Every structure is written in C-alpha cells, then in structure tokens.
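K.L.:
Have a look at this one before I ask anything.
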C-alpha cells in the first residue's frame, strides 16, 4: 500500500525532501500518527520519523544541511528538527531493555521489526518511506486500519504492564478512530484486569490523556465502556456521569459546538466544590484549569431562563462570562423540552456586551480615599450600587456616592 502524495502534501514538501536527502538512503521512514491518520483520511498534525541512525549522527548530518536541531528527548533517542516552519520529531529505532509500568529503559537498534514490536498498537506501528510506500512489520496494522480496530501489538497484558498509561491510550484511540466498532476483546479485558496500575502513574500523564480522550468528537460511547468496566471510577470517582457527557455531546452536535474537554468533564461531575477541588488537586491541573472548574462548581448566582432581562444581566455579570456560559450550556444539555430556554440564556451570555465598571481606584484616591482596606470597601460598595441599578448609574453619580461613603468610612 502507498500513501497518496496528492492527499498528503507533507510527503512531497520541500522541507521533507531536504531532510530525507540529508540522510542516507533507506535510513529514515515516517512512523506512527502521520502514517495512521493519512491512511484513515484523518488530519495529520505531527510528523514523526524513525531512523536507523543514532542521534549524534542524525544531528551532525542535519546541522550540515542547515537544519535547526533541538535535543528535546535525546536520552530516549529523539531530536526535534525544524525547517521552514515545519517541525519533525526524529527518533532512533529502539528496543526495550526493561520496563516498570511507568517508563522504559531502551537501547538503540537498526531492526525495524524490533522497533515496531515495542510500540503500543498495530495502527501506530506502521512506517512509510518518502515515496509513500507503507511498511507493516506486525502484519496486522493495515488490516486494523481498514476496520478501524485498536489492537495492542502482540500480547495486550504484556504491552500494558510495560506502561499502564496504555490503558488510557487504548480508550483514547478508540474514542478518536474506532467509530462504532466494538473494542478489541483481548485489549478491553486486559485494561479491566490491570486498571489498578493506573494509580501508579503521574497525575500529569493521566490528565493529559483524559483531556485528549474528552476532546474526541464523540467520546461518550467509549467513556460508557470505561464506566461499565469500572475504569472510570478508578480514574475519576468525582466525574463518572457518562450520561451527562452523552447529553452534552448530543447538544454539541445539534448546536455545532466545538468539543471542550473541560466542559465535558463538568458534564460528568456534580457542581460540588469539595469534590471538584479534590479532582483538580489529584490531577494536578494548572491554575487556569482549576480556576475555571472551581468557579463553575462554587458559583451560587441565581440564574434561570425565566428571569426578567435586567435580572438576567445582573446574574450574568455577577457569575462572570465563563461561568455563565458553562452553567447555561450544561443546563441546556439536560433540560429536555426547556433546552431552547436555556440556550437563549447561553446566547445572551455569549453575545451580551458586558458593561465595564466606570470607576477606578485612581478615581477614588483622587477623592482622598487612601490606599488600603477603605479603598477596597469603597470600590465594592460602589460596584454593588452600580450592579443593582442595572449598570445604569453613571460615573459622576458614583463619585458623588463615593464622597458620602468616604465620610462614613473615616467617621467624619
């Protein structure tokens, strides 16, 4: 089988041909995701290359050819190479020396078959040369591409025990590529049997895979399989509502919304501050991620679709734009015949021209209110007055109110 160069312009790109020309013939092949996705007709994002050459030799040859070399993973045989804005990840063929379920000690090899049989899934163990000729060392990858089957290379239990993250990768790839195909029985059984190994993995690796899984176009079928197998409870005890995810995905399809892994995680969770805080801490989310989830979980603003417009706008401003959007779309997903009413709230939050509080700290300092607690209290009181007015009170009136407030604050 050959890749169609017309459908995969990266094959014939000038930067690609320049890179391969700088290396000995037959020493490099594309591998993994770019080959898999090209065969599946899916978008190709990353260009990974496997080579029989060792990293030092690759770096020397490509530097001489004018490529920018970055030693991003040289301990594992990987170099990042940049040419004309195109990024290539080049990795020397490897074999596992030892594994412990989290990481592997590897040695370099020149054997394509050895490299293929240490990879996770048959569809990821496909290689292609510069002419697009595809190589399938496992003998199963091309057949599995045709049926969109995610199958472990060799024995599923052995592959998982080498790296327990492969359990999550099994479900992630199924969510992205398997469509309505039944999951591989041997792979699924091994994932269920060895799921305790997930607890040995770093939170960062687990969270990265969960985000990728929840970013798939329609992940709820796969997530439901994880729920039935007990794997979802092992990973996300605070967010195991597969039905909530399904309702949100159905709404996304109906309203043409882009997949949002954070919103999908909320759909699988209860709006519980303590539970959400535990989830954020255990997965070691970034401050930005934690802020979004915690603001959603902790918001107590009254927001309903039958509120008068002025009250709705006050509620939206009080909750904040992102919280209002998240709450409205999640309620719309589960609202049944009231979906349109909640969708109106969502559109209101999305399209509303959010007002800007007209008074600044400098304005109050100019009135003689000093830095410190008094200034903060004055700002809060004025903003509350402005919000209650429906954002109609103008700056002059607010400053007049500030003068009266300052007299009360300093006791004169």
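The values are calculated or read from the model by the stated rules, or taken from the named source; none is laboratory data. What you see is a predicted model, and the numbers here were worked out from it, not measured in a lab. Neighbour counts run over all protein chains shown; Cβ positions are idealised from the backbone, glycine included.
K.L.:
Only one of 18, 7 is touching a helix residue (DSSP H, G or I) at 6+ places or on another chain (Cβ under 9 Å), surrounded by fewer than 18 Cβ atoms within 10 Å (Cβ to Cβ) and either part of a loop (DSSP other than H, G, I, E, B) or touching a residue at least 24 places away in the same chain (Cβ under 8 Å) (or both); which?
P.N.:
Checking each option against the conditions leaves just 7.
K.L.:
Inside the stretch 298-321, can you point out the residues that are closer than 18 Å to residue 387 by Cβ, in a helix (DSSP H, G or I) and free of Cβ contacts under 8 Å to residues at least 60 places away in the same chain?
P.N.:
309, 311, 312, 315, 316, 319, 321
K.L.:
For residue 257, are the conditions met, namely being part of a loop (DSSP other than H, G, I, E, B) and on the phi < 0 side of the Ramachandran plot?
P.N.:
The answer is yes for residue 257.
K.L.:
Residues in the stretch 74-122 that are touching a helix residue (DSSP H, G or I) at 6+ places or on another chain (Cβ under 8 Å), at pLDDT 90 or above, within 14 Å of residue 48 (Cα to Cα) and part of a loop (DSSP other than H, G, I, E, B): how many?
P.N.:
Counting residues in the stretch 74-122 that are touching a helix residue (DSSP H, G or I) at 6+ places or on another chain (Cβ under 8 Å), at pLDDT 90 or above, within 14 Å of residue 48 (Cα to Cα) and part of a loop (DSSP other than H, G, I, E, B) gives 1.
K.L.:
Answer with yes or no whether residue 288 is out of contact with any strand residue (DSSP E or B) (no Cβ under 7 Å at 6 or more places or on another chain), within 19 Å of residue 324 (Cα to Cα) and surrounded by fewer than 16 Cβ atoms within 10 Å (Cβ to Cβ).
P.N.:
Working: out of contact with any strand residue (DSSP E or B) (no Cβ under 7 Å at 6 or more places or on another chain): yes; within 19 Å of residue 324 (Cα to Cα): yes; surrounded by fewer than 16 Cβ atoms within 10 Å (Cβ to Cβ): yes.
Spelling it out, residue 288 is indeed out of contact with any strand residue (DSSP E or B) (no Cβ under 7 Å at 6 or more places or on another chain), within 19 Å of residue 324 (Cα to Cα) and surrounded by fewer than 16 Cβ atoms within 10 Å (Cβ to Cβ).
K.L.:
Sort out which residues of the stretch 368-391 are in contact with a helix residue (DSSP H, G or I) (Cβ under 8 Å, 6 or more places away or on another chain) and part of a loop (DSSP other than H, G, I, E, B), and write them in order of number. Explain how you work it out, then say what you get.
P.N.:
Of all residues in the stretch 368-391, those in contact with a helix residue (DSSP H, G or I) (Cβ under 8 Å, 6 or more places away or on another chain) come to 368-369, 371, 374-375, 377-379, 381-382, 385-388, 390-391.
Selection gives 368, 369, 371, 390, 391.
K.L.:
Given the criterion assigned by TED's automatic domain parsing to the domain that holds residue 15, surrounded by fewer than 19 Cβ atoms within 10 Å (Cβ to Cβ) and assigned to a loop (DSSP other than H, G, I, E, B), identify the matching residue among 42, 71.
P.N.:
42
K.L.:
Right, something else. Looking at 227, 293, 279, which is the one that is out of contact with any helix residue (DSSP H, G or I) (no Cβ under 6 Å at 6 or more places or on another chain), buried (at least 19 other Cβ atoms within 10 Å of the Cβ) and part of a helix (DSSP H, G or I)?
P.N.:
On inspection, the qualifying residue turns out to be 279.
K.L.:
Can you tell which of 188, 126, 130, 183 is surrounded by 16 or more Cβ atoms within 10 Å (Cβ to Cβ), more than 23 Å from residue 76 (Cα to Cα) and in the same structural domain as residue 3 (by TED's automatic domain parsing)?
P.N.:
Just one listed residue meets the conditions, 130.
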